[in-house]
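Engineer: Can you keep this structure in mind? I'll have questions shortly.
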Amino acid sequence: MKTKQKIAKGNQLTRGLDFRSHPRGELAKEVLSMIAEGVIIPAAFLMPVIPKAFRPLLNLVSKRCRVKRSEPLTKSLSYLYRKRFISIAEKEGQQILTLSEDGKKRILHFNLDKIVIKRPMKWDGYWRIVIFDIPERKKQGREALRSKLKQLGFHQLQKSCFIHPFDCKSEIDFISELFEVSPYVNFIVAKEIEGTAPLQKFFRLY
């Protein structure tokens, strides 16, 4: 599997990676986050019967995941392995669980869900404009970007032109990279633009 694959695939991708439709969704999310943070989880945790030597570690991991018994954790790990969000790798002679490429994408989407544009105490008077000309072959990424900009509170000036008054360069860079459309996205900071009165009212700047 290539390292870089399409991440933004609209609703198709969301359905494929959405844990909320699964009863162990929140636990699966916590487990993925732990592995992403570098917590070492032995591959033996996938076995129907956990070796006694690993049970103390299993109990610690269960506490971290806020589950009283180890059974839900092992079932969640098996679910993630079947769905190919985690894989098995060898480290220092021990087989451990690691994130697969799909698992890494899921972690990125967790971060995407957390993105907000912070409102400063005082507006600096500059407008942030996002303009994009994304080809049809990247249509799904284009629509995902447009949808996320609206979710973040951008005002749509034109079909492919959005504006926001607050600093958001790093957020736009992350989103553009995630949806693999960054070469087609321009970020502009402007002091003066025409017709700002409706915009100032829209963003409650006065």
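The values are calculated or read from the model by the stated rules, or taken from the named source; none is laboratory data. It should be emphasised that the depicted structure is a prediction, and the values quoted were computed from it without experimental measurement. Heads up, the Cβs are rebuilt from the backbone with ideal geometry, glycines too, and the neighbour counts pull from every protein chain shown.
Engineer: Out of the residues in the range 1-56 that are modelled with pLDDT of 70 or more and among the β-branched types (Val, Ile, Thr), state the one that is farthest from the chain's Cα centre (by Cα).
Structural biologist: Let us first name the residues in the range 1-56 that are modelled with pLDDT of 70 or more, namely 26-56.
Remaining after also requiring among the β-branched types (Val, Ile, Thr): 31, 35, 39-41, 49-50.
Numbers: VAL31: 15, ILE35: 15, VAL39: 19, ILE40: 22, ILE41: 22, VAL49: 33, ILE50: 32 Å.
This residue is VAL49.
Engineer: Residues of the range 54-94 being in a helix (DSSP H, G or I) and charged (D, E, K, R), which ones? Break it down stepwise before answering.
Structural biologist: Keep residues of the range 54-94 that are in a helix (DSSP H, G or I), which gives 54-64, 71-82.
Residues satisfying the conditions are ARG55, LYS63, ARG64, GLU71, LYS75, ARG82.
Engineer: Of the numbered conditions (1) surrounded by fewer than 17 Cβ atoms within 10 Å (Cβ to Cβ); (2) modelled with pLDDT of 90 or more, THR98 fails exactly one; give the number of that condition.
Structural biologist: (1)
Engineer: Tell me yes or no: at least one residue of the range 183-203 is without any contact (Cβ under 8 Å) to a residue 24 or more places away in the chain, within 21 Å of LEU112 (Cβ to Cβ), assigned to a strand (DSSP E or B) and in contact with a Leu (Cβ under 8 Å, 6 or more places away or on another chain).
Structural biologist: Among the residues of the range 183-203, not one is without any contact (Cβ under 8 Å) to a residue 24 or more places away in the chain, within 21 Å of LEU112 (Cβ to Cβ), assigned to a strand (DSSP E or B) and in contact with a Leu (Cβ under 8 Å, 6 or more places away or on another chain), which makes the answer no.
Engineer: When you scan the range 111-126, do you find a residue that is part of a helix (DSSP H, G or I), under 17 Å from the mean Cα position of the chain (by Cα), within 30 Å of SER78 (Cα to Cα) and charged (D, E, K, R), even just one?
Structural biologist: Within the range 111-126, the first condition is being part of a helix (DSSP H, G or I), and the residues that meet it are 111-114.
Add one more test, that the residue is under 17 Å from the mean Cα position of the chain (by Cα), and what stays is 111-114.
The next check asks that each one be within 30 Å of SER78 (Cα to Cα); those that pass are 111-114.
The next check asks that each one be charged (D, E, K, R); those that pass are 113-114.
Within the range 111-126, one or more residues are part of a helix (DSSP H, G or I), under 17 Å from the mean Cα position of the chain (by Cα), within 30 Å of SER78 (Cα to Cα) and charged (D, E, K, R).
Engineer: Something else: With the checklist (1) in contact with a Phe, Trp or Tyr (Cβ under 6 Å, 6 or more places away or on another chain); (2) polar (S, T, N, Q); (3) in the same structural domain as LEU27 (by TED's automatic domain parsing) in hand, flag the one item GLN94 doesn't pass.
Structural biologist: The number of the failed condition is (1).
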